[in-house]
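The values are calculated or read from the model by the stated rules, or taken from the named source; none is laboratory data. Only a predicted model underlies this, so the values are computations on that prediction, with no experimental measurement involved. All Cβ positions, glycine included, derive from the backbone under ideal geometry; neighbour counts span all protein chains shown.
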Amino acid sequence: MSQERKTLDERAQMSDLERLRHSCAHVMATAILRLWPNAQFAYGPPIETGFYYDFDLPDHRITPEDFEKIEAEMKKIAKENQKFEKVVVSREEAQALAESGRLGGLTERAGNPSQFKLDLISKIPEGEEISCYRNGDFLDLCAGPHVGYTSKCKNVKLMSVSASFYLGDETKPQLQRLYGTAFPSKEELEQHLERLEEAKKRDHRKLGRELQLFHIDEDVGQGLILWTPNGAILRQELQNFISDELRKQGYQQVFTPHIGKLGLYKTSGHFPYYKESQFGAIVENEEMARCAEAGCGCAEVMERLEAVSAKFRSEMNERTGKEVIGEDRVLPDADLLDGFLLKPMNCPHHIKIFDSQKRSYRELPVRLAEFGTVYRWEQSGELNGMTRVRGFTQDDAHLFCTEDQVADEVLGCLSLVKTVLNTLGMQDYRVRVGLRDPDSSKYTGLPEQWDKAEAACRAAAATLGVAFTEEPGEAAFYGPKIDFVVKDVIGREWQLGTVQVDYQLPVRFDLSYIGADNKAHRPVMIHRAPFGSMERFCGVLIEHFAGHFPAWLAPEQVRVLTVSEKSDEFAAEVHGALKAAGLRAGLDTVSDKIGAKIRNAQLDKIPYMLVIGEKEAAERAVAVRHSRKGNLGVQPLDNFVTELTEEVRERRL
RNA sequence: GCCGGAUUAGCUCAGUGGUAGAGCAGUUGAUUUGUAAUCAUCAGGUCGCGAGUUCGACUCUCGCAUCCGGCUCCA
């Protein structure tokens, strides 16, 4: 979340709802102070789903049990109908108020200066108006704007409490953050809470268990997805879908193993520079034994793994035209230790396939695709169901092309992502062009190459015909990228599809092709993944469909339900006909009543239910019920099979 | 990794220091049923793991693991 200062102009454009929520943050602060007068407040903005206020409260940790108390106090303050008053002060006055502990307080607090407010004042640009807002006894440094009276702030609810860092900076003191939400009317607040309930029902972790799509097992490890048979069908169907599209677009399928030598990732630049987000290196037993014999300690083993040889350093620095590997990473050859890395990306392997033969400009672009599984060491607190995991499979591909082909290829990738999202009915997304942050040194490569690549991305995004935003600092370390950020039902955003232009890796791996001029040229690489990862995409997809998958994706597409034992024989025939047509069909002949069988099928979210009774058996017909559309009436068996087969083939929603 | 909360049967959850309970799912049987729950029967637990306090711990304390909500991070 950006903690950048809003300009006063931007402030003035706050929507009515944001203004209300911002005022609610002040009311909440007032309530907290009445209960704990020593609280020091830092920063309390409105956010998309409500508001929060960060504060330091050393003598008490807020827990959900406190919510009721605080809410009651907030309601009281709303009832008191305090007026929000703006007070313009000079910088000196503001500082004096903060020194006395008056800012973000109900009274002056000797010996307890408003430390965060002091810091915030120092960040206000010279010449900008400094204002405070007062409601009742509460006085806070604040640029506003606010609602008129606290009575507007009565439809509030505290949502959760968590830790945060002052200004989002991990090195700054840790604060408590209390989240709340607020609406103009009670009805809107209740609606919002209902939406949250609805979102809980769609949670892919809950549905994943209920529909037996995947399992995460403690003994296997955190963040590692076990795809159970139902989930495997879902994934396989999605992979088939992508593969069909790739064939149309001239991709070639490849397969590569899950590990590669450390040297490969030193060349690519992943190791050791990104080692904190990788699994540890795998070192051969014999190497380790040699190391142990030489009395080499743990720290030294790491040193030897991470270092490179002098020859490698000078080659790489020369090739990339800048100092990418410093002297501190260099060891004499004899001291180097090699090992393997679980692959954090597929590109180095694909690069080696491209480079395994001499390439002519006539074969470009070379498009290599693989459902490649990669492993990344995500922080434990970041793991979340299928959407944030430690091992995942990207629907990855790398395109090697000439510079002239970049724009067309990027566009091809973008339209592929668009096709994918459209086919699945995911219309709520935005496109983000991630550019480099001009102030950061984390990027590799020359500025001229970056300029070219960024221009290519911008141009392609513009041609796509979808609104997009340019965001500095969102680039990959090796090049700019275009991300498709899909919004889920709760309003959370997920980065799924991504297309990245890369001028760096071809340099680092010294890739070339022979041009029409019979000279060697450097190809450009494009990385792309329409789904991003199968895990995250399926997680989002489960919530998108709330578990009600369209027939082509559903693990069980149709279930045959018998009214009584008398129809078992025909039901078996129907079941056989569905199977013969290649449909995933189930058969329920247990002795439950038809109502119970329908209920079970509904709960399993089977798209089509075929009710078979004596009437149907006599007519060789099926009574069709759809899980969302309800009873669709009776039709001939052959007719149904043809229609469902067609629906599945076309991947209809 | 950090802050807070949670962890009891496959699932959802009761159980405030005296050796564990419900519903659903599962088993077995009866029933032969017409668009969201037929009845009965049986089985199922080292109360996340490890220490400590206590005559006695699911219950109190401390550690650890995992999950949840955030923070930070996300090539």
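Tabulated data for the structure shown
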item: Some residue of the stretch A:457-476 being basic (K, R), part of a helix (DSSP H, G or I) and free of Cβ contacts under 8 Å to residues at least 60 places away in the same chain; result: yes
item: Odd one out for A:H527 among (1) of a type outside the set (A, V, I, L, M); (2) surrounded by fewer than 20 Cβ atoms within 10 Å (Cβ to Cβ); (3) within 12 Å of RNA strand B (Cβ to nearest atom); result: (2)
item: Residue match in the stretch A:591-608 (condition: at pLDDT 95 or above and touching a helix residue (DSSP H, G or I) at 6+ places or on another chain (Cβ under 6 Å)); result: no
item: Qualifying residue in the stretch A:239-260 (condition: buried (at least 18 other Cβ atoms within 10 Å of the Cβ) and within 16 Å of RNA strand B (Cβ to nearest atom)); result: yes
item: A:A520 being within 20 Å of A:P365 (Cα to Cα) and either at pLDDT below 90 or touching a helix residue (DSSP H, G or I) at 6+ places or on another chain (Cβ under 8 Å) (or both); result: no
item: Residues within the stretch A:152-166 that are more than 19 Å from A:L106 (Cα to Cα) and more than 8 Å from RNA strand B (Cβ to nearest atom), tallied; result: 7
item: Index of the failed condition, A:A334 passing every other in (1) closer than 26 Å to A:D396 by Cα; (2) surrounded by fewer than 17 Cβ atoms within 10 Å (Cβ to Cβ); result: (1)
item: Test: A:L234 is within 23 Å of A:R536 (Cβ to Cβ) and at pLDDT below 95; result: no
item: The stretch A:625-645 residues that are on the phi > 0 side of the Ramachandran plot, paired with ones that are surrounded by 16 or more Cβ atoms within 10 Å (Cβ to Cβ) (beta carbon under 7 Å, 6 or more apart); result: A:G633/A:V624
item: Residues of the stretch A:391-439 that turn out to be over 30 Å from A:A546 (Cα atoms) and of a type in the set (D, E), as a count; result: 6
item: Test: residue in the stretch A:11-24 that is out of contact with any His (no Cβ under 6 Å at 6 or more places or on another chain), among the small types (G, A, S) and within 16 Å of A:S164 (Cα to Cα); result: no
item: All strands (runs of 3 or more DSSP E) inside the stretch A:364-456 with 2 or more residues being within 22 Å of the chain's Cα centre (by Cα), within 30 Å of A:E276 (Cβ to Cβ) and without any contact (Cβ under 8 Å) to a residue 60 or more places away in the chain; result: A:429-435
item: Sole exception among (1) among the charged types (D, E, K, R); (2) over 30 Å from A:R205 (Cα atoms); (3) modelled with pLDDT of 95 or more for A:R313, by number; result: (3)
item: Residues that are within 9 Å of RNA strand B (Cβ to nearest atom) and either free of Cβ contacts under 8 Å to residues at least 12 places away in the same chain or of a type in the set (G, A, S) (or both), drawn from the stretch A:172-187; result: A:Q174
item: All positions within the stretch A:214-225 that are hydrophobic (A, V, I, L, M, F, W, C), more than 30 Å from A:R367 (Cα to Cα) and either within 20 Å of the chain's Cα centre (by Cα) or part of a helix (DSSP H, G or I) (or both); result: A:F214, A:I216
item: The stretch A:188-215, subset in contact (Cβ under 8 Å) with a residue 40 or more places away in the chain and of a type in the set (A, V, I, L, M), residue farthest from A:I542 (Cα to Cα); result: A:L196
item: Pairs with Cβ under 7 Å, 6+ apart, first in the stretch A:553-566 and β-branched (V, I, T), second more than 7 Å from RNA strand B (Cβ to nearest atom) and in a helix (DSSP H, G or I); result: A:V558/A:L578; A:V558/A:L644; A:V560/A:A571; A:V560/A:V574; A:V560/A:H575; A:T562/A:D568; A:T562/A:A571
item: Residue selected from the stretch A:477-504 under the condition of a type in the set (D, E, K, R) and away from RNA strand B (no atom under 11 Å from the Cβ), by the criterion modelled with the highest pLDDT; result: A:K487
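This table checks each residue for (1) surrounded by fewer than 20 Cβ atoms within 10 Å (Cβ to Cβ); (2) within 13 Å of RNA strand B (Cβ to nearest atom); (3) aromatic (F, W, Y); (4) at pLDDT 95 or above.
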| residue | (1), (2), (3), (4) |
| --- | --- |
| A:S309 | yes, no, no, no |
| A:D328 | yes, no, no, no |
| A:L342 | yes, yes, no, no |
| A:P348 | no, yes, no, yes |
| A:D355 | yes, no, no, yes |
